[in-house]
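Right, one structure below, let's go through it.
The values are calculated or read from the model by the stated rules, or taken from the named source; none is laboratory data. None of these values were measured; they are calculated from a predicted model. No Cβ is skipped: glycine too gets one built from the backbone with ideal geometry, and neighbour counts run over all protein chains shown.
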Ligand SMILES: [Zn+2]
Ligand SMILES: [Zn+2]
């Protein structure tokens with residue numbers, strides 16, 4: 001069994017939910033894609049691929065995945081939240097267009113270092129951070 005499948009099984013069990021083909025399909029769809037998509041995007045792709053799954057199941061499954069740290073939820077300000085998987089995904093931050101919802105990923109060593117030194121200054125042991133910049137993308141300007 002693949003590591004991702006095992007992880008899903010574990011999490012569903014912990015939440016008292018049955019492991020089903022539908023839930024596995026939702027997880028597979030998310031974990032094999034590196035884009036940021038909303039629930040409807042994910043739902044539509046599943047349906048297009050011939051997977052019979054209800055919107056409610058997609059919502060519910062994603063909720064559980066977010067709760068258990070397998071998926072990241074991004075509040076994009078306009079429109080529905082977007083999601084991306086967190087399996088072996090290197091750390092990155094997000095820049096979000098408040099008009100079209102486009103998301104750019106970025107990593108900036110200076111920002112990372114600055115966060116570390118600010119945390120140190122406040123005697124905080126940094127565990128994780130969420131850094132999102134909201135603006136208007138080149139196409140929307
Ligand atoms: Zn835009
Ligand atoms: Zn991302």
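Below are the figures for this structure:
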quantity: Positions within the stretch 6-24 being surrounded by fewer than 12 Cβ atoms within 10 Å (Cβ to Cβ) and on the phi < 0 side of the Ramachandran plot, in sequence order; calculated: 6, 13, 14, 18, 21
quantity: Criterion: touching a strand residue (DSSP E or B) at 6+ places or on another chain (Cβ under 7 Å) and farther than 24 Å from residue 10 by Cβ - qualifying residue of 62, 130, 96; calculated: 96
quantity: Of residues in the stretch 57-108 being more than 13 Å from residue 133 (Cα to Cα) and assigned to a strand (DSSP E or B), the one farthest from the chain's Cα centre (by Cα); calculated: 82
quantity: Selected residue (criterion: nearest to ligand 1 (Cβ to nearest atom)) from residues of the stretch 20-32 that are more than 24 Å from residue 102 (Cα to Cα) and either in a helix (DSSP H, G or I) or modelled with pLDDT under 95 (or both); calculated: 25
quantity: Flag for residue 41 being under 26 Å from residue 3 (Cα atoms), crowded, with 16+ Cβ neighbours inside 10 Å and modelled with pLDDT under 95; calculated: no
quantity: Residue match in the stretch 32-43 (condition: without any contact (Cβ under 8 Å) to a residue 12 or more places away in the chain and over 18 Å from the mean Cα position of the chain (by Cα)); calculated: no
quantity: Residues that are near ligand 2 (Cβ under 10 Å from one of its atoms) and either farther than 17 Å from residue 29 by Cβ or surrounded by fewer than 17 Cβ atoms within 10 Å (Cβ to Cβ) (or both), drawn from the stretch 75-89; calculated: 86, 89
quantity: Residue 133, sole failed condition from (1) in contact (Cβ under 8 Å) with a residue 24 or more places away in the chain; (2) surrounded by 13 or more Cβ atoms within 10 Å (Cβ to Cβ); (3) within 15 Å of ligand 2 (Cβ to nearest atom); calculated: (2)
quantity: Any chance residue 11 is touching a helix residue (DSSP H, G or I) at 6+ places or on another chain (Cβ under 7 Å) and either in contact (Cβ under 8 Å) with a residue 60 or more places away in the chain or closer than 24 Å to residue 132 by Cβ (or both); calculated: no
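For (1) over 22 Å from residue 96 (Cβ atoms); (2) in a helix (DSSP H, G or I), each residue gets a yes or a no:
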position: 18; (1), (2): yes, no
position: 34; (1), (2): no, no
position: 42; (1), (2): no, yes
position: 46; (1), (2): yes, yes
position: 52; (1), (2): yes, no
